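Since the structure comes first, as structure tokens, the remarks are kept for the end.
The values are calculated or read from the model by the stated rules, or taken from the named source; none is laboratory data. Computed from a prediction, not measured in an experiment: that's the story for all the values here. In this analysis, Cβ positions are derived from the backbone assuming ideal geometry, glycine residues included, and neighbour counts consider all displayed protein chains.
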Ligand SMILES: [Zn+2]
């Protein structure tokens, strides 16, 4: 039995100048974890410092020297060095803390890859996803998650790694590092507001799909309005991330888990509740045989951050998920963003091609399962928010054992995981049965058209 772990956090007591990326973020998370009795349910793994060689998997030797040199600097020099970068605040302990954040993340990767735990979360700071090969940026010194991806490739020979960045800011640092690399699929949603919101880069938009061999492996979902909530996030997962992720079939999933995309955060101004993060986590646990490493990035509203971290860890531990509050109807702006991303990525992913001009996937079996599940059943189910879920499997449904488990697991996010499965092994059940993919595609399209006024999460699937 696997169980989640919480990294024993080392209190990084620095950043007297930055007034939001503060040590209290970790203290508060730990208090809440204790309150919910979650610490005792997790394995704790000792933290070490990341080595210079590990840091240089991603960063240049010159940049490493700059960060190292800040240990000896006086206030004035620190300010001067910080000013070389955008939104960075060096302190004499920054280098040590940043090395610990790297080391903690890598220890988690080792624990998951070696099967010491099924999954886990590293509560670290400073965060990492803005930092680049030669630059600190946006509170980030070393790119913890990017280093973890390179480390996992080098140490365990992994071919496909998925990075999901649900922080409210675009992890442009991570995008730059893997832009031309098809072995790492990077997904980020972020407050964008038509490029008005920091870091205000054109390459944060949906049309930045990756370069060269990496085309199709960089997915940006730009949020052009604030106030995005549970239904918008679920829509982006069901209609963009999950279909592509199942097709990509990663061997490891890393999450750049920023909770500034949650309600109350002064940076994000979004409205997703802490429960939403348990659902997002649960979805990701169905990939990579459950090998999931969640690594803290942003999140500056202490209560919202801490509650969301607890929700994430409860999901990692396999607890039933709380129902999502609010009407499950993505806003128009979110639907538009999702449509744009799907259109931009259509050339690269079978699951998205499949919706279009009659070109059918060569991987018929896979699409015949995932497309109805993610594009129809789950959106309807999440729109409806049932109190109990029945799954009826007839004798002629052609699903293998893995597909049946996955179907059940994905539906466990609903009805507080109260789920009843009826499997008829012999005889005949009169179910709608469409023998080939073309019929299924057509049938689903018609049903979607009929039902999308009522079940709003269906709106994102296609025009
Ligand atoms: Zn952020």
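Among the listed residues 66, 58, 109, which satisfies the condition of being more than 16 Å from the ligand (Cβ to nearest atom), outside any helix (DSSP H, G or I) and either over 26 Å from residue 198 (Cβ atoms) or modelled with pLDDT of 95 or more (or both)?
58
Quick one: in segment 410-424, of everything that is in a helix (DSSP H, G or I) and in contact with a helix residue (DSSP H, G or I) (Cβ under 8 Å, 6 or more places away or on another chain), which residue is nearest to residue 285 (Cα to Cα)?
410
Please return the ranges of helices (runs of 4 or more DSSP H) entirely within segment 220-315 where 2 or more residues are within 19 Å of residue 169 (Cα to Cα).
Output list reads 230-236, 274-284.
Buried (at least 24 other Cβ atoms within 10 Å of the Cβ), at pLDDT 95 or above and farther than 21 Å from residue 22 by Cβ: is that true of residue 272 in this structure?
Considered against the rule, which asks whether it is buried (at least 24 other Cβ atoms within 10 Å of the Cβ), at pLDDT 95 or above and farther than 21 Å from residue 22 by Cβ, residue 272 comes out as yes.
Consider residue 177 carefully, then state whether it is away from the ligand (no atom under 15 Å from the Cβ) and under 15 Å from the mean Cα position of the chain (by Cα).
Numbers: away from the ligand (no atom under 15 Å from the Cβ): yes; under 15 Å from the mean Cα position of the chain (by Cα): no.
Taking the combined requirement at face value, the residue does not satisfy it.
For the condition more than 16 Å from the ligand (Cβ to nearest atom) and within 13 Å of the chain's Cα centre (by Cα), what is the one hit in 273, 281?
Sole residue among the options that is more than 16 Å from the ligand (Cβ to nearest atom) and within 13 Å of the chain's Cα centre (by Cα): 281.
What about residue 115, is it over 30 Å from residue 78 (Cβ atoms) and either out of contact with any strand residue (DSSP E or B) (no Cβ under 8 Å at 6 or more places or on another chain) or in a loop (DSSP other than H, G, I, E, B) (or both)?
Criteria met by residue 115.
Scan segment 137-155 residue by residue and report those that are within 15 Å of the ligand (Cβ to nearest atom) and more than 19 Å from the chain's Cα centre (by Cα).
Taking segment 137-155 first, the residues within 15 Å of the ligand (Cβ to nearest atom) are 137-141, 143-145.
137, 138, 139, 141, listed by residue number.
Output the residues belonging to segment 18-40 that are surrounded by fewer than 17 Cβ atoms within 10 Å (Cβ to Cβ) and in contact with a strand residue (DSSP E or B) (Cβ under 9 Å, 6 or more places away or on another chain).
39
As an exercise: evaluate residue 232 against (1) farther than 19 Å from residue 161 by Cα; (2) touching a residue at least 60 places away in the same chain (Cβ under 8 Å); (3) over 17 Å from the mean Cα position of the chain (by Cα); (4) more than 16 Å from the ligand (Cβ to nearest atom) and give the number of the one condition it does not meet.
(3)
For residue 387, are the conditions met, namely being surrounded by fewer than 16 Cβ atoms within 10 Å (Cβ to Cβ) and at pLDDT below 85? Please lay out each step first, then the result.
On the way: surrounded by fewer than 16 Cβ atoms within 10 Å (Cβ to Cβ): yes; at pLDDT below 85: no.
It is false that residue 387 is surrounded by fewer than 16 Cβ atoms within 10 Å (Cβ to Cβ) and at pLDDT below 85.
What are the pairs with Cβ atoms under 6 angstrom where one residue, in segment 291-309, is within 14 Å of residue 269 (Cα to Cα) and within 13 Å of the ligand (Cβ to nearest atom) and the other, located anywhere, is in a helix (DSSP H, G or I) and at pLDDT 95 or above? Sequence gap at least six, or different chains.
299/305
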